[in-house]
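Working notes, beginning with the structure itself.
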Amino acid sequence: MKNSRLFTTIAFAFMMLVSYNVDAQKFRGLDKSPMDAASIGRGNKQLAKVYYSRPQLKGRTVGKDLAPYGKVWRTGANEATQLVLNVDMNLNGTKIKAGTYSLFTIPGEKEWEVIVSSDLNNWGSSGYKKDNTVASIKVPVTMGDESLEAFSMAFAPSDDGVHLHMGWDKVRVAVPFTK
């Protein structure tokens, strides 16, 4: 009887170990819109950083199939894009205190409205509330020479602050944050 219990206990422990290792090696597939970040400055001199997911065109059209004109967009894929300002900035004459915000856009054919919102931890644009807008600006659309397959963001210094550049396909917009 003792040997039978010991054998059962050892067999049970072995099965648990094997099943744990099998489950531990299951990985989620590659995200089709990988997470990325863009920043300006380094270390304690970093002015701003943006975290966003990078959707791909894959034969679709900006304004029609992706980032539809006239509708609030999360400014990327998956979770809403997160903007971290490490210093106070201004957008369109409105002071934005250093902190973490969501970045939404309303794309248009000739201009995009860019919205800094106090709404945080949103999946997509479903958590967007106009009442939580901290600042917004309408910026003109320009067209680039090359098509970008993946939605892309980058900061560039300007004389009075930084510009957040967004590009997808041949669409380009620049958002002027000033000090």
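Tabulated data
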| quantity | calculated |
| --- | --- |
| Surface accessible to a 1.4 Å probe, D65 within the full protein complex, Å² | 80 |
| P(r) of region 81-179 over all Cα-Cα pairs, binned every 10 Å from zero, in whole percent | 15, 48, 32, 5 |
| Phi to ³J(HN,Hα) by Karplus 6.51 cos²θ - 1.76 cosθ + 1.60 over region 93-98, Hz, x for Gly, Pro | x, 9, 6, 10, 5, 3 |
| Taking region 136-179 and dividing mean pair separation by its residue count, relative contact order in percent (alpha carbons under 8 Å, at least six apart) | 40 |
| Label-point separation in nm, K110 to K130, each point 7 Å along Cα→Cβ | 2.2 |
| Segment L120-K26, extension gain: residue separation times 0.36 nm, minus the distance between their alpha carbons | 30.8 nm |
| For S125, residues with placed amide H under 5 Å, excluding near neighbours | R74 |
| Whole-Hz ³J(HN,Hα) from phi, Karplus 6.51 cos²θ - 1.76 cosθ + 1.60, for region 141-153, glycine and proline x | 8, 10, 10, x, 7, 10, 8, 9, 5, 9, 4, 9, 10 |
| Probe 1.4 Å - accessible area at Y52, Å² to nearest ten | 0 |
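The values are calculated or read from the model by the stated rules, or taken from the named source; none is laboratory data. Model, not experiment: these values are computed from the prediction. Cβ: placed from backbone, ideal geometry, glycine included. Neighbour counts: every protein chain shown. Side chains are part of the model used for accessible areas, which takes the heavy atoms of the whole protein and leaves out ligands, DNA and RNA. Shrake-Rupley method; radii C 1.70, N 1.55, O 1.52, S 1.80 Å.
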